[in-house]
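> First the structure, which I've put down as structure tokens, then a few questions once you've had a look.
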């Protein structure tokens, strides 16, 4: 075992212990987070409109803040888009994540510096929990690919705007940059067909250990790899043993993935919504599935 693999296991154990401290006290943890959020947002326009200074409990919050959809919140969002400060959160968001959901058409989700850092942390911690639970840290010395949207942001407005996966590309930890693929230039390609072709060219001869992305995107990548090499992905990348995914249900893709790869691989599922990341499930071959 190399130094990097050993260090990853030590760090993974530490993070699991840190997680346990708050996870074993879920009610107290959520109450502390709730109180902190209400206090921070008390003097925002939304906080004043909804009496945050009078909210002490979750019950108070339910009475003061009705459930609503994006269209109901849109007037607040439009003020933020126009450059107003202290509307939904103190100051201004660092970014807008543009997302085309199933309702309301295109939505603009405010992303603060704190929220993007928490999203990166959630992804990191999911991988560290997997290392601790499975004992597998071999992949940390090999190449990793994150299939994502272009990191090029629209800066024509007051706040930079882009797809969440593109925004996240600006926050890949420094210790992963050396092993990370594809190149920044390839990642910036907007046309998906052109981008996948470039990704295949850059990665086909690499020693890939981790592949991550929305299953439909990764399936196309695997199909192109197999067509270009004439080999199953698992033969092409002999040390590929971890697939990280989110965005859609993986089960409809599972059989096709195992056929394209030629074998089963371990998986980590994330819930990568623009509103926040949640690690949900880790499955290791010949082991149980772990839920976070």
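> Test of understanding: ordering 16, 210, 196 by Cβ neighbours within 10 Å, fewest first, what list do you get?
16, 196, 210
> If you build a Gaussian network model of the chain, linking Cα atoms that sit under 10 Å apart, which residue out of 137, 183, 36 swings the most?
Comparing 137, 183, 36 in the GNM, the peak value goes to 36.
> Work the Kirkwood hydrodynamic radius out for the range 25-110: mean of 1/r over every pair of different alpha-carbon atoms, inverted, in Å.
For the range 25-110, the Kirkwood estimate is 14.2 Å.
> A further question on this structure: Quote the FRET efficiency, to the nearest 0.05, computed for residue 21 versus residue 231 with a Förster distance R0 of 30 Å and r equal to the Cβ-Cβ distance.
0.05
> Now for a different question. Which order, highest average first, do 19-32, 118-131 follow once you tally other Cβ atoms within 10 Å for each residue and take the mean per peptide?
118-131, 19-32
> So what is log10(I(q)/I(0)) for the chain at q = 0.08, 0.13 1/Å, when the Debye sum runs over its Cα atoms only?
Treating every Cα as an identical point scatterer, log10 I(q)/I(0) equals -0.41, -1.01.
> For the chain, with a Gaussian network of springs between Cα atoms less than 10 Å apart, report the residue from 226, 143, 63 with the top mean-square fluctuation.
63
> Given the range 127-190 reduced to its alpha-carbon atoms as identical point scatterers, what log10 I(q)/I(0) does the Debye formula return at q = 0.19, 0.26, 0.27 Å⁻¹?
-0.80, -1.12, -1.16
> Report the calculated FRET efficiency for residue 85 and residue 155 (r = Cβ-Cβ distance, R0 = 25 Å), to the nearest 0.05.
E between residue 85 and residue 155, to the nearest 0.05, is 0.85.
> At q = 0.21, 0.22 Å⁻¹, what is the base-10 log of I(q)/I(0) for the range 68-178 according to the Debye formula with one equal point scatterer per Cα and no solvent? Please give it to two decimals.
Each listed q maps to, in turn, -1.18, -1.25.
> Oh, and also: Only helical DSSP H runs with n ≥ 4 go in: add -39500 (n - 2.57) per run for the chain, normalise by residue count and round the 222 nm mean residue ellipticity to 500 deg cm²/dmol.
-14000 deg cm²/dmol
The numbers here are math on the coordinates, done by the rules we state, and not lab data. Values in this document were obtained by computation on a predicted structure and should not be read as measured data. All Cβ positions, glycine included, derive from the backbone under ideal geometry; neighbour counts span all protein chains shown.
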